[in-house]
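Step one of this worksheet: look at the structure below.
The values are calculated or read from the model by the stated rules, or taken from the named source; none is laboratory data. Computed from a prediction, not measured in an experiment: that's the story for all the values here. Cβ atoms come from the backbone with ideal geometry, glycine included; neighbour counts cover every protein chain shown. For accessibility, only protein heavy atoms count, side chains too; no ligands or nucleic acids. Shrake-Rupley method; radii C 1.70, N 1.55, O 1.52, S 1.80 Å.
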Amino acid sequence: MTFKVALNQQQYKTYTLSDSYAQSSIEVVPERGGIVTKWQIQGQEMFYLDESRFTDPKLSVRGGIPILFPICGNLPDNTYTHGDRTYTLKQHGFARDLPWLVTDQSTNDCASITLVLTSNDETKAVYPFDFEVSFTYRLWGNSLVIHQNFQNNSSESMPFSVGLHPYFSALDKSALQVQIPSTEFYDQKSQTTEAFHGEFDYNLDEIDAAFMQLSSESASVKDTSRQLQLNLEWNNDYYNTVVFWTVKDKDFYCLEPWTAPRNALNTGDGLISLPPGDSLQTWVSMNVTFL
């Protein structure tokens, strides 16, 4: 059988999805925010993972693909108002910190696993909506596709944004050639809009660039030091922002598709409003080609 899903108990229950023909695999840890921690192709690891943070359940994970929901980025003072109440919601929301439940797995036409996060008293204290979110990770060949489904079980419309925060391994950032379909970005550090010509200054302590004027639904990063190219695609019915983020002297860059820029829960900019009883489906695809 080409495709396989295996479960093993490490510090956390870990599901390994593999495609033996392509020599590719991912590792998924449901109880640690439904995160994909590893993605290997032909013996090469695509993701960066800070193991010390991953093993400490009190810390958010830096590495793999953290899930951002129901907000992307942070809110001023971590607060927003809904109705006549003010709520506190920390950066990137709560999905990346909560345990997800495995509801399905398959090895038919790919290796896939479906994880679900359902609202509870803990989530409703900071986000007063009844919801069910499911993510299906599908692996085949050199591709990883993430299908997402959002169900609003509330009696009122549910505002939210969703994003992925993948940490891609990069030992030599000077070897990166970044293609993002936009001519400008908002620099979160300087709070200014800057022109983009395909280059970043990796000598800066931090790069936090939000691209919101996207002309197509794909981006890519060529890493000539590793002789590979990452291709990222998204459903542009909902995804409208791409963030490039990295920190000096750390061996990663993040290329993050978001459905709305930061603070959308307050500004409404790009915010999805899902009617009561309705559901919404979207997806993000990652593919690696070797040069």
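Numbers for the structure displayed
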read-out	value
Subset of region 30-54 (residues that are surrounded by 15 or more Cβ atoms within 10 Å (Cβ to Cβ) and either part of a helix (DSSP H, G or I) or of a type in the set (A, V, I, L, M) (or both))	Ile35, Val36, Ile41, Met46, Leu49, Phe54
Residues of region 1-13 satisfying the condition of being open to solvent by 60 Å² or more (accessible area, probe 1.4 Å) and more than 21 Å from Glu51 (Cα to Cα)	Met1, Lys4
Only listed residue being among the aromatic types (Phe, Trp, Tyr) and crowded, with 18+ Cβ neighbours inside 10 Å, chosen from Tyr186, Tyr202	Tyr186
Meets criteria (in a strand (DSSP E or B) and without any contact (Cβ under 8 Å) to a residue 40 or more places away in the chain) for Thr114	yes
Among (1) more than 18 Å from the chain's Cα centre (by Cα); (2) within 25 Å of Leu144 (Cα to Cα), the one test that His82 misses	(2)
Residues (open to solvent by less than 10 Å² (accessible area, probe 1.4 Å) and not in a strand (DSSP E or B)) located in region 14-29	none
Close pairs from region 60-89: first more than 24 Å from Val242 (Cβ to Cβ) and part of a strand (DSSP E or B), partner of a type outside the set (S, T, N, Q) and open to solvent by less than 30 Å² (accessible area, probe 1.4 Å), Cβ under 8 Å, at least 6 apart	Thr79/Tyr87; Thr79/Leu89; Thr81/Tyr87; His82/Pro159; Thr86/Tyr80; Tyr87/Tyr80; Tyr87/Tyr127
Some residue of region 147-165 being without any contact (Cβ under 8 Å) to a residue 60 or more places away in the chain, surrounded by fewer than 16 Cβ atoms within 10 Å (Cβ to Cβ) and either assigned to a strand (DSSP E or B) or of a type in the set (S, T, N, Q) (or both)	no
Given (1) open to solvent by less than 90 Å² (accessible area, probe 1.4 Å); (2) more than 12 Å from Val247 (Cα to Cα), number of the condition Gln191 does not satisfy	(1)
Every residue from region 229-252 that is of a type in the set (A, V, I, L, M) and surrounded by 19 or more Cβ atoms within 10 Å (Cβ to Cβ)	Leu230, Leu232, Val242, Val243
Within region 166-203, tally of residues that are hydroxyl-bearing (Ser, Thr, Tyr), part of a loop (DSSP other than H, G, I, E, B) and touching a Lys or Arg at 6+ places or on another chain (Cβ under 8 Å)	1
Output for region 95-111, where each listed residue is buried (at least 20 other Cβ atoms within 10 Å of the Cβ) and either outside any helix (DSSP H, G or I) or among the β-branched types (Val, Ile, Thr) (or both)	Trp100, Ala111
Qualifying residue in region 66-79 (condition: buried (at least 20 other Cβ atoms within 10 Å of the Cβ), among the β-branched types (Val, Ile, Thr) and touching a helix residue (DSSP H, G or I) at 6+ places or on another chain (Cβ under 7 Å))	yes
Count of residues meeting criterion [surrounded by 17 or more Cβ atoms within 10 Å (Cβ to Cβ) and not hydroxyl-bearing (Ser, Thr, Tyr)] in region 270-282	5
Any hit, region 253-269, residues being assigned to a strand (DSSP E or B) and surrounded by fewer than 18 Cβ atoms within 10 Å (Cβ to Cβ)	no
